[in-house]
Amino acid sequence: MTATEPTPRATPSVPTATATSAAAATLTPTATRRPSTFRQYRILLGKDLRREFRTREMLTSMGIYAVLVLIVFGTALMQASAGFDVLPVAGGLIWALIVFTSLLGLNRSFSHEKEEAALEGIMLVPLDRSVIFLAKASANVLFLLVVEIITLPLFYFLFLSGSALAATFGLAIVPLLVGTIGIAGVGTLLATITVNTRGQDVLLAVLFVPLVFPLLYACVAATSVALLGGEDMMATFGPAVALAAAYDVIMILVSWLLYDFIISA
Amino acid sequence: MTEVVEKTSAPVAAAAAADSALEVRALSKAFGTRKALDSLSFELPTGAFLAICGANGAGKTTLLRILATLARPSSGSVSVLGCDIKEQPDEVRARIGFISHRSMLYPDLTAEENLLLAARLYGVVEPQTRVSELLAAVELTARRYDLARSFSRGMTQRLAIARALIHDPQLVLLDEPYTGLDPHASEIFDALLATQRASRSFVLVSHDLRKGFELASHLLLLNRGKLELFAPSAELDFASFSQLYYQTVGG
């Protein structure tokens with residue numbers, strides 16, 4: 001295999017142990033025991049939470065962006081007549097707010113993984129790579145829920161305080177939760193795909209909105225009827241929530257199955 | 001759900017007993033129509049130190065990324081310490097450490113948090129002890145609670161070295177590890193290599209011919225994805241190796 005005629009070689013000046021610091025010389029063998037998949041999930045989730053609560057990078061940017069969207073909504077609705085009731089369109093406005101805000105957050109969710117190729121460091125660990133997806137998606141769900149907890153009361157006070165909310169308005173929590181899980185799941189998968197592309201912000205939005213359309217449609221319907229109430233409210237609410245939940249299960253399952261292939265590519 | 005693999009498990013024992021650190025057979029990697037690696041075959045004995053040299057675009061980093069399971073070969077087979085990288089990627093990952101010119105660290109975590117994260121993911125039995133030991137080895141104990149973002153390039157690279165050794169890998173892959181290191185950091189790294197090379201195998205990618213030659217027990221020269229030379233370094237002197245390198249890559 002050698003492509004040259006070898007000639008004798010002088011003794012190389014390889015670094016020797018005499019040149020080492022005392023500390024380096026004390027490096028001892030260590031044992032490892034592969035953690036359970038659930039433990040690895042908790043470690044990765046804990047890393048994302050610790051990092052976010054230290055930098056508040058995603059929460060701050062999503063929170064500010066959500067408030068700005070509310071201001072835009074307010075400006076647009078001010079043009080309507082003084083007696084304009086926002087309630088019939090509130091479901092749609094709430095989900096527009098969530099989708100815009102989540103796009104910003106999802107775009108940022110992998111930026112710190114890319115900065116020093118930290119994601120590659122995680123990929124070098126013997127773990128089921130779908131765990132990376134689950135941990136990241138879980139973190140994104142939590143961050144989105146925090147932003148929703150802050151902005152939705154604000155939405156109520158700005159636009160719905162004068163409206164007659166139905167007694168069933170509390171049920172809106174169900175589509176909010178189911179929709180947030182779906183958005184975070186699909187968004188995490190797409191953010192993984194787009195993280196190393198040029199124009200990742202635009203690409204994520206272009207892929208994300210059509211893909212979450214069925215979820216969005218179901219969640220808007222369920223949220224709207226929960227706020228408006230009515231005798232046949234459950235006839236719309238039940239199927240809409242079921243559609244959103246089925247979407248979540250299918251998309252998260254597909255993401256789980258495909259993630260190893262996607263992240264490796 | 002609990003899945004426990006001890007270091008003393010059967011695959012590990014097989015790896016420990018493996019005669020070869022690396023067995024590469026007809027390895028090719030193509031990006032579209034461009035062949036980055038073209039039918040490479042070589043076998044590196046356990047405990048060896050391989051230096052991979054070649055010009056930019058020769059396929060050095062691609063080869064290293066395949067060995068690290070970060071890229072998939074287009075064809076051919078690679079066995080790392082007796083484990084096939086396609087069939088047993090997790091077994092391979094448990095045994096390798098990778099030091100790249102990018103640190104693979106989280107800048108917004110402290111030095112200690114970065115190492116603890118890696119130690120816990122690998123399942124190091126006493127993570128805190130191991131982290132303290134490695135921080136001492138790379139002389140970063142005093143900065144353990146500082147964010148990695150606040151580190152100089154040399155300190156970041158030292159922390160990356162500690163991270164790569166956290167799980168006591170049997171094979172360490174080094175991609176231009178001296179990039180950005182100041183003389184002191186290079187000295188620390190050399191010292192670590194000197195103490196560790198008796199107990200593990202190394203693969204080094206370097207543009208520094210002399211450094212690679214001095215460290216290596218085996219030399220591998222790549223040119224446009226093809227193997228030009230694979231030989232024990234004892235069979236060569238630096239002048240002839242250097243001459244071959246420049247004949248091959250030009251310049």
> Of the residues in region B:20-55, how many are outside any strand (DSSP E or B) and in contact (Cβ under 8 Å) with a residue 60 or more places away in the chain?
Replying inline: 5
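Can we say B:Ala58 is touching a Lys or Arg at 6+ places or on another chain (Cβ under 7 Å), at pLDDT below 95 and buried (at least 18 other Cβ atoms within 10 Å of the Cβ)?
Details: touching a Lys or Arg at 6+ places or on another chain (Cβ under 7 Å): yes; at pLDDT below 95: yes; buried (at least 18 other Cβ atoms within 10 Å of the Cβ): yes.
So B:Ala58 passes the test.
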> Between residues in region A:116-138 that are closer than 22 Å to B:Pro107 by Cα and within 10 Å of chain B (Cβ to nearest Cβ) and residues that are assigned to a loop (DSSP other than H, G, I, E, B) and among the aromatic types (Phe, Trp, Tyr), which pairs lie under 7 Å by C-beta distance while being six or more apart or on different chains?
Replying inline: A:Ala118/B:Tyr106
>> Can you go through A:Leu165, A:Leu142 and tell me which one is closer than 30 Å to A:Glu115 by Cα and surrounded by fewer than 23 Cβ atoms within 10 Å (Cβ to Cβ)?
In response: A:Leu142
>> Tell me which helices (runs of 4 or more DSSP H) are completely within region B:164-251 and hold 1 or more residues being over 21 Å from B:Thr46 (Cα atoms) and facing chain A (nearest Cβ under 7 Å), or say none if there are none.
In response: B:183-196, B:238-249
> Taking region B:82-128 on its own, how many of its residues are of a type in the set (A, V, I, L, M), at the interface with chain A (Cβ under 9 Å from one of its Cβ atoms) and assigned to a strand (DSSP E or B)?
Replying inline: 2
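Taking the condition surrounded by fewer than 17 Cβ atoms within 10 Å (Cβ to Cβ) and either aliphatic (A, V, I, L, M) or part of a helix (DSSP H, G or I) (or both), does A:Leu190 pass?
no
Report those helices (runs of 4 or more DSSP H) wholly inside region A:23-127 carrying at least 3 residues which are β-branched (Val, Ile, Thr).
Values: elements: A:37-55, A:57-78, A:87-108, A:111-115, A:118-123.
By residue number, A:37-55, A:57-78, A:87-108.
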> Does any residue in region A:43-54 that is at the interface with another protein chain (Cβ under 7 Å from one of its Cβ atoms) come within less than 7 Å, Cβ to Cβ, of a residue that is buried (at least 18 other Cβ atoms within 10 Å of the Cβ) and assigned to a helix (DSSP H, G or I) six or more places away or on a different chain, and which pairs are these?
Replying inline: A:Ile43/B:Leu117; A:Ile43/B:Arg120; A:Ile43/B:Leu121; A:Lys47/B:Leu117; A:Arg51/A:His112
>> Just to be sure I understand, how many residues within region A:2-51 are modelled with pLDDT of 85 or more, small (Gly, Ala, Ser) and over 16 Å from B:Asp168 (Cα atoms)?
In response: 2
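Look at A:Arg34 and say whether it is within 7 Å of another protein chain (Cβ to nearest Cβ) and crowded, with 18+ Cβ neighbours inside 10 Å. Let's see the steps before the verdict.
Details: within 7 Å of another protein chain (Cβ to nearest Cβ): yes; crowded, with 18+ Cβ neighbours inside 10 Å: yes.
Taking the combined requirement at face value, the residue satisfies it.
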>> Here's a check for you: in region A:54-97, which residue that is modelled with pLDDT of 90 or more and of a type in the set (Phe, Trp, Tyr) is nearest to A:Ser224 (Cα to Cα)?
In response: A:Trp95
> If you check B:Thr61 against the conditions, is it more than 9 Å from chain A (Cβ to nearest Cβ) and not in a strand (DSSP E or B)?
Replying inline: yes
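Restricting to region B:136-147, name every residue that is at the interface with chain A (Cβ under 9 Å from one of its Cβ atoms) and either under 20 Å from A:Thr28 (Cβ atoms) or buried (at least 24 other Cβ atoms within 10 Å of the Cβ) (or both). Give the steps one after another, and end with the answer.
Residues of region B:136-147 at the interface with chain A (Cβ under 9 Å from one of its Cβ atoms): B:136-139, B:141, B:147.
Within region B:136-147, B:Ala136, B:Ala137, B:Val138, B:Glu139, B:Thr141 meet the criteria.
Name the single residue that is nearest to the chain's Cα centre (by Cα) among those in region A:212-257 being of a type in the set (D, E, K, R) and loosely packed, with under 15 Cβ neighbours inside 10 Å. Write out each step before concluding.
Step one: filter region A:212-257 for residues of a type in the set (D, E, K, R), giving A:231-232, A:248.
Restricting the remaining residues to those that are loosely packed, with under 15 Cβ neighbours inside 10 Å gives A:231-232.
Working: A:Glu231: 36, A:Asp232: 34 Å.
By that ranking, first place goes to A:Asp232.
The values are calculated or read from the model by the stated rules, or taken from the named source; none is laboratory data. Here the structure is a predicted model, which is why all the values come from computation and not from measurement. All Cβ positions, even for glycine, are placed from backbone atoms using ideal geometry, and neighbour counts span all protein chains on display.
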